[in-house]
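Here is the structure we will look at, set down as structure tokens.
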Amino acid sequence: MPHPIVVTVICDGHRPDFVSEATTPHMARLRKAGTWFANHRGIFPSATRASSASIATGSWPKSHGLRGNTVALPIDGGHEVHDAGKPEFYDAYAKHFGRLLMRPALAERTAAAHGAVLCSNVSPGAAYFHDAGRHGELYHRELSYRPGGVPIGERIAAPPGSVGDAVLAKKLVDVLLERPPSVATLWLSDPDKTMHLFPLGSGEHLKAVREADAHVGAVSEAVDRLRDRGHDVLLLVGSDHGHESVTETIAVERRLYEAGFKAELESPELVVAPSGSSVFIHFGGAALSRRGEIADWLGQQSWAGAVIRGEDLARFGQIPANDALALDMAKSEGRKLQWRSRADRDGGALLGDRGSDPP
């Protein structure tokens, strides 16, 4: 029996200025035939793991509860930073809060209809928090399950990058045509995976964009076949964030330690949770009394952009907290600078340059 279906393809890290008839003909065709959301913006910070939760629940981090790519959880004397992309973080988060996300995902909302299927090739955490309650069906290299979290026997050999993206794109198309769910989501790792290694606009970047576009084309063709069968299908193609060239990596926590704001580099009273080109700074114990002083000091640093007090974070869709600061790194205008992806282990963040020539 025909039924409504929502199909979403997320090309992780893709930028709208790299959508063109020459490089991404399928996306360009969809842009002409459908609706182009020119003012679409990601959450703050536009990090994949929290973005996954926001896309799945249709809500801001302040509503669903997952702050960023890394999350600081309270411990004695301060906080401890966790990587939200690690598979073990799912259980650590649930144990600490006694719950998972505070808003239902599409998988939960459609469980009583024809269910939801997610084929995800990003981090385990981003995949798990897309359907935190495990109401749908997940295909991921780390864990694949049916509704209720019942493991699926087959192992998905889908490494991050083009090979894994192709495997999971085919899987989603097969599921769509064989047993159409109410919600189907394909989350590709590229072009993000490639753009952490190669400059914006490079041959490698454009190749990754073309391959992502080919997967969009395959899903679009499957959608057309479903419509021919009488299904009412909404197809969404988008990205969770863009990319910027990076001129420098700033070890924010180390800078705070060297400025005398931390007794020891590894002490928990003042910790930095990085999310790309932004960080959250969390205070505990005696360090809390120096929050205003540190905010003023950050405002004087050339590498610091906006400094946001924790109680003001709700204005940016983030979880407010009177024991935190948020820092968005400084940006400058420029072109064709090398992208450097990895943040420093000492609470690092990326100092960005906005520019790159589109194809």
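Observations on the structure shown:
- Highest-fluctuation residue, S267, S275, S220 considered, GNM on the chain with Cα pairs under 10 Å: S267
- Over the C-alpha trace of the chain, radius of gyration and Dmax come out as 20.7, 67 angstrom.
- Probe 1.4 Å, accessible area per residue of the chain, Å²: 44 Å²
- Of the solvent-accessible surface of the chain, computed with a 1.4 Å probe over protein heavy atoms with every protein chain present, carbon and sulfur atoms account for 51 percent.
- Relative contact order of the chain, defined on C-alpha pairs under 8 angstrom at six or more residues apart (%): 23 percent
- Label-to-label distance for H196 and S302 is 2.9 nm, based on points extended 7 Å past Cα in the beta-carbon direction.
- If the chain linking I75 and R109 were pulled fully straight, counting 0.36 nm for each residue of separation and taking away their Cα-Cα distance, it would gain 8.8 nm.
- Each listed q (0.16 Å⁻¹) maps to a log10 I(q)/I(0) for the range 81-167, found by the Debye formula over equal Cα scatterers with no solvent: -0.63.
- Residues whose amide H falls under 5 Å from that of I5, counting only those 5 or more places apart or on a different chain, are D232, V233, L234, with hydrogens built in the peptide plane.
- Rounded, prolate or oblate (a/c below 1.5 giving rounded, otherwise prolate when a/b exceeds b/c) for the range 1-53 by Cα gyration tensor: oblate
- Of the GluC sites (Glu not before Pro) found in the range 73-130, the ones in coil according to DSSP and having at most 11 other Cβ atoms within 10 Å of their Cβ are E88.
- Rh by Kirkwood over Cα pairs, then Stokes-Einstein D for the range 146-229 at 1.306 mPa s and 10 °C, µm²/s: 112 µm²/s
- Cα gyration tensor category, rounded, prolate or oblate, for the range 1-122 with a/c compared to 1.5: oblate
- Charge context of V219, other residues only, Cβ under 14 angstrom, K/R +1, D/E -1: -1
- T249, T23, reordered so the largest accessible area comes first (probe 1.4 Å): T249, T23
- Charge tally in the Cβ shell below 12 Å around D192, where Lys, Arg are +1 and Asp, Glu are -1, D192 excluded: -2
- Cα gyration tensor shape for the range 265-306, rounded if a/c is under 1.5, else prolate or oblate: oblate
- Applying 0.36 nm per residue to the separation of A263 and D174 and subtracting their alpha-carbon distance, the gain on full extension is 26.4 nm.
- GNM flexibility winner over the chain from T185, T194, T247 (Cα, springs under 10 Å): T247
- The modelled label-to-label distance between A33 and R155, using points 7 Å beyond Cα along the C-beta direction, is 3.9 nm.
- Across L100, L188, L234, mean-square fluctuation computed from a Gaussian network of the chain (C-alpha pairs under 10 Å connected) peaks at L234.
The values are calculated or read from the model by the stated rules, or taken from the named source; none is laboratory data. Note that the coordinates shown come from a computational prediction; the quantities given were computed from them, not determined experimentally. Glycine gets a Cβ as well: all are built from the backbone with ideal geometry, and neighbour counts include every protein chain shown. What goes into the accessible areas is simple: the full protein's heavy atoms, side chains included, and nothing from ligands, DNA or RNA. Shrake-Rupley method; radii C 1.70, N 1.55, O 1.52, S 1.80 Å.
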